[in-house]
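Taking it in order: structure first as structure tokens, then the write-up.
The values are calculated or read from the model by the stated rules, or taken from the named source; none is laboratory data. Keep in mind the model is a prediction, meaning the values are calculated, not measured. Cβ: placed from backbone, ideal geometry, glycine included. Neighbour counts: every protein chain shown. We work out accessible area using only protein heavy atoms, side chains counted, and drop any ligands, DNA or RNA first. Shrake-Rupley method; radii C 1.70, N 1.55, O 1.52, S 1.80 Å.
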Amino acid sequence: MREYATASDVDVPASGNLSDDLEQRVRETPELVLVRRPAPSPDGPGWRDLTALELREQVRAVAKGLVASGVEVGDRVGIWSRTRWEWVVADYAAWYAGAVSVPVYETSSQAQVEHVLTDAGVRALVVEDATHAAHVGTFRARAEDLHHVWAIEGGALDLLARLGGDVSDDELEARRTSRGPEDPATVIYTSGTTGAPKGCTLTHGNLRFEVEATTHALEPLYAADDASTLVVLPLAHVFPRVLQLACVRAGVATGHTSSITALDEDLRSFAPTFVLGVPRIFEMLFNQASQDATADGDGRRFARAVEVAMAWSRARSAVGDGSDVGATGRVPLRLRVRHAGFDRTVYRQVRDRLGGACRYAVSGGAPLGERLAHFYRGVGIDLLEGYGLTESAAALTVNTPGATRIGTVGRPLPGTAVRVSEDGELLFRGAQVFAGYWDDPESTAEALDGRRDRRGRVRPRHRSPAGDHRHRRRQERLPHRAGGAPALPPAGRPVPCGRRRTTGRRGAAHPRPRRTRRMVRVERSLGRAGRGPARRPRPPCRPPAGRRRREPVGEPRRGGPSVRGPAGPVDRGGRPAHPVAQAAALGPDARDARRRLPDVRPVSRSHRVPAVPRASA
């Protein structure tokens, strides 16, 4: 059993809650821009700045409205909306009022929304528009605890601000400071692909530790003077939610968009310095760049630029320049020259799709393909991959700038320990581990209390690496040796990704399949008992229906040998003979004529559509 842990060099306050980060930002830099609101103009998409002081005043006004509406300390306030800046205001307003926020995925079905609201006992709900409000109206009679529903498109923020006009600042401040690190901050429900979603209760202490550890590990992303990011993922997911909290903590300007079709225009107009996404988003941006280059007649050059970018990144991975851990090697001069040539033309266009100022990108939620990561690093954008769970308040491990190894999920965050047991199960320990499932003591005891070891490590159960509930006992698909022991790197190396490597042979990565009783009976009938499963004979290759069989090179077509016809060599069926047979019929001096025939010349690979680096399944 191997273990890797990172020392905790972050200072987490022993008191307070998440709302203290916004208050501290207002005290230190009240005029700093924290949020950029969409402001469409005739010239295209635009953004309007919202300072830390303005954001805090907006949050306090909405929080007073929640207090005036009867929301008590510890009550649950639901948020069902797409990613937008009002989502952040409602989230912080719930904490200022002493409540617990309960996000709902925008794509959730009506039955899932009903389960979340009734299971969590949501008292007030903020939805996006009248459509969401109408869906809630169909089951509102069954949600006994739900008393208020406000729509953002219907002026929910202004309405709440008017309702809270009689609430004093002292009363609101008493509500805000009444919550501590051990109190619940949010209840995030799992996807529930194979069963009812369960609410993961994350405390203020869980999220504050995760925010501190993330900002410390990814300091180059947050410490830049012009740092900014565009949030694309749903804020109901814990991954972008922690990013938003970290930006408020570090004073980074954030924008919000939920339109995938307009993502290209939003990135160009916002110009973030780093972005957060899933592999599908980065693959989509690559596909758009490839299609545009092909439409402009530069498909061949773009394909060569892609290969050069990946080759340059792989060569850099073999260089001990600090970007990859423990690597040695040399980047060839010719490759550096070709890379510099494409950097001024092709790679600049790819960077312009991300706004032109993007230097880093963080990927999570699914395994990232190595080709895709090498391509983006080759064009000048370091794509950092991480791994985490909702139960762990987002990331557990992450590749950091200056210590990146493509194909892994990086090292554990500060104060986090990761261990792989003898049976391949992943264990982790840290202050970001969730407090349990909401109102479900049996699942909590099964997931935490019954699976802790003497040092407090937690064995995550019921959750596969993809985030669903496929297996009762979770087994991480880490690379294994032939003996079955997990093939972990030496101490100080990154933790490998949760997916099995392929080698193209039977062995460590491809164990022999289990023989069933039916297979044994078939082997006995064939006289192969004890010699393993019999291989099925390969079926003969048959041509598709309606298509003639292609004859081997050098043989005449069916119908006999080729003869001289009025229009050239033909077979006895009257069809043109094979090019080799044509050359033989024309004589020995004309046998090289087949080289001039376009129908036998191989198609150049440069004419093909460039291969798209796809994320690993």
| query | Taking amide H positions as placed 1.01 Å from N in the peptide plane, with prolines and chain starts having none, which residues 5 or more places from residue 400, or on another chain, fall under 5 Å of its amide H? | reply | 411
| Residue-normalised accessible area of region 1-49, expressed per residue, 1.4 Å probe, Å² | 61
| task | Calculate one ³J(HN,Hα) per residue across region 424-429 by plugging θ = phi - 60° into the Karplus curve 6.51 cos²θ - 1.76 cosθ + 1.60, and present them in order as whole Hz with x for glycine and proline. | result | x, 8, 8, 10, 8, 9
| task | Of the options 19, 74, 42, report the single residue whose Cα projects farthest towards the positive end of the charge dipole of region 6-80 (beta-carbon charges: Lys, Arg +1; Asp, Glu -1). | result | 42
| Cβ charges +1 (Lys, Arg) and -1 (Asp, Glu), total dipole of region 329-378, debye | 260
| task | Using DSSP to define loop residues, name the GluC sites (Glu not before Pro) in region 1-78 whose beta-carbon has at most 11 other beta-carbon atoms within 10 Å. | result | 31
| field | Net charge dipole size for region 97-234 [Lys, Arg +1 and Asp, Glu -1 on Cβ; Debye, nearest 20] | value | 560
| request: Against the globular-protein guess of 2.2 N^0.38 Å, express the Cα radius of gyration of region 335-378 as a ratio, rounded to two decimals. | output: 1.29
| request: Counting only heavy atoms of the protein chains, get the accessible area per residue of region 158-315 (1.4 Å probe) and round it to a whole Å² value. | output: 36
| query | Which of rounded, prolate, oblate describes region 214-256, given a ≥ b ≥ c as roots of the alpha-carbon gyration tensor eigenvalues and a/c under 1.5 marking rounded, otherwise prolate only if a/b is larger than b/c? | reply | oblate
| said: Leaving out ligands and nucleic acids, and using a 1.4 Å probe, what accessible area per residue does region 367-425 come to in Å²? | reply: 22
| request: Show the residues, 5+ positions off or on another chain, whose built amide H is closer than 5 Å to the amide H of residue 275. | output: 360, 361, 362
| task | Leaving ligands, DNA and RNA out of it, rank 260, 406, 188 by accessible area with a 1.4 Å probe, largest first. | result | 260, 406, 188
| Sorted by average packing, counted as other Cβ atoms within 10 angstrom per residue and highest first, what order do 246-253, 276-283 take? | 246-253, 276-283
| Accessible surface of region 214-288, 1.4 Å probe, proportion on carbon and sulfur as whole % | 53
| note | The Cα extents of region 1-71 along the principal axes, largest first and rounded to whole Å, are 61, 40, 28
| Phi-based couplings in Hz for region 97-111 (Karplus 6.51, -1.76, 1.60; Gly and Pro marked x) | 7, x, 9, 10, 8, 10, x, 10, 5, 5, 8, 5, 6, 5, 5
